[in-house]
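The structure appears right after this line, and notes come after that.
The numbers here are math on the coordinates, done by the rules we state, and not lab data. Predicted model only: the values in this text are computed from it and were never measured. Backbone-built Cβ (ideal geometry, glycine too); neighbour counts: all protein chains shown.
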Amino acid sequence: METNSKETLQADFDVFDISEEFGFLLEEPLTHLPDHYQVWLDLANNLIHLIESRKLRDLVDKMPVLSPDLLSDHRELRLAHLALGFISMGYVWQEGQHAPAEILPKALALPFWLVSRRLGLPPILTYADSVLANWKLKDPTGDMRIGNMDLIFSFPGGDTCRGFFIVSLLVEMAASPGIMGALEVMRAIKVSDLTGIKNGLIKVTQSLKKMKEKFKFMHNHVEPAAFHGKLRIFVSGWRDNPMLPRGVMYEGVSDEPILLSGGSAAQSSAIQCFDALLCIQHEEETGAFLTRMRDYMPPAHRQLIETLSVCPPLRDFILSCSNSDLCQAYNSCVSALVDLRNYHLNTVTKYVIIPGNHAQSVGCPFRGVGTALNTTGTGGSNLMVFLKSVRNTTQKALILERLS
């Protein structure tokens, strides 16, 4: 029986491209590509200098058009997508909010489009790139703690850029046991295994609490003015963005501008998995936005969310069981998710709303995002309205009936 369970678990890992230790993170991301693509890595590795010296656009405009056909496996494609994504964001936002590039040149746009098609991702820097696939260990024999981790590619913003992406990665890694717990619940509910459901929910709750603890590192490693004034514009997309209302033209790909959202925590597969597991019913507009954000996730991760969504509804099952222990385990899980969302909301106030209001009051002294995205998330949502909505609908999932 145990062997069958392990085999089932391994089958799930393979189908959904996850691991017990790393969850949705890309394991051991590559840092090198075949020599044919060295020009991409040279630009991505020197991105900060090239942006700050205003040289990036000129170099990209002179870049040869390279076919991605020599990229042979998934990790090579992920590194290529990461590099082209960083270069694209740097190219579009090199001059800040006042002069974004409205056209990506063919040498950048076409290979980015082709790599994206092979991965099932959109041709823009996604959360799956900048957080899940953008890490390396300083000491490969050491552990995954913040002091031993670094980024493969960075944007302007110094330690704040490094801190923002690495803390986000550690939050995702803390989700790994919860994803395993969600898989356990998914299997247990099919055979009405109450103990299995309860144990799986306990793992999800513990994981959500650990995610919040990791999230707290943001305050030690990310400086609000640097995040808002330097980094944030480079993860901003071109959909629902007042700075690029028509989107961006991908030369050699489309004759019309393309609208794509920037990287956002709404693209976290882990959080959407927990929503699906717990049967969180978001309001229509918010739910539609979150569903659209799945298009920015690797297809296998998206498939896990969709698989959880079509399982027998956990909340209804618990209500039908009238089991107080199970109800308590479910409510603890929902409360932990509410707590995490509350913490996220407060953190966004500190890093986006307050610095944005300050920038507005002093006349926007920095070249970066300025006041253009004061109330808009990098994914294009109305930031505080969205965050309060997801928090409130999560809270509504609590089971308030007294169960015997």
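Entry note, the chain: relative contact order of 19 percent, from Cα contacts under 8 Å with a spacing of 6+ residues.
With the simple model of a label 7 Å out from the Cα in the direction of the Cβ, residue 49 to residue 73 spans 3.1 nm. Under a 5 Å amide H cut-off, with hydrogens placed 1.01 Å from N, residue 103 pairs with 249 among residues at least 5 apart or on other chains. The label point for residue 350 and the one for residue 8, both projected 7 Å from the Cα toward the Cβ, are 4.2 nm apart. Extension gain for residue 284 to residue 213 (0.36 nm times residue separation, less C-alpha to C-alpha distance): 22.5 nm.
3J(HN,Hα) along the range 39-49: 4, 5, 5, 4, 5, 5, 6, 10, 4, 4, 4 Hz, from the Karplus curve 6.51 cos²θ - 1.76 cosθ + 1.60 with θ = phi - 60°, whole Hz, x for Gly and Pro.
Sequence-ordered 3J(HN,Hα) estimates for the range 93-102 from the Karplus curve with 6.51, -1.76 and 1.60 and θ = phi - 60° stand at 9, 3, 9, x, 5, 8, 9, x, 6, 9 Hz, glycine and proline given as x. Shape analysis of the range 205-275 yields a ratio of the Cα radius of gyration to the Kirkwood radius, Rg/Rh, of 1.11. Taking every Cα-Cα distance in the range 103-205 and sorting them into 10 Å bins starting at zero, the pair-distance distribution P(r) comes out as 13, 27, 27, 23, 8, 2 percent. Among the GluC sites (Glu not before Pro) in the range 258-322, those located in a DSSP loop and surrounded by at most 15 other Cβ atoms within 10 Å of their own Cβ are 283.
State the extension gain, in nm to one decimal, for the chain segment bounded by residue 190 and residue 320, taking 0.36 nm per residue of separation less the distance between their alpha-carbons.
Working: separation 130, 0.36 × 130 = 46.80 nm, distance 1.44 nm.
Length gained, residue 190 through residue 320: 45.4 nm.
For residue 135, the residues 5 or more places off, or on other chains, whose built amide H falls under 5 Å of its own are 152. What the phi angles of the range 311-321 give under the Karplus curve with 6.51, -1.76 and 1.60, with θ = phi - 60°, is a coupling list of 5, x, x, 4, 4, 5, 4, 5, 4, 6, 7 Hz, glycine and proline written as x. When every Cα-Cα distance of the chain is counted in 10 angstrom steps from zero, the calculated P(r) takes the values 5, 23, 32, 25, 12, 4, 0, 0 percent.
Can you tell me the convex hull volume per residue for the range 236-283, based on C-alpha atoms, in Å³ to the nearest whole number?
Working: hull volume 5.5 nm³, N = 48.
Given the Cα convex hull of the range 236-283, per-residue volume reads 114 Å³.
Measuring how big the range 20-94 is from its alpha-carbon positions, Rg and Dmax come out at 13.6, 44 Å.
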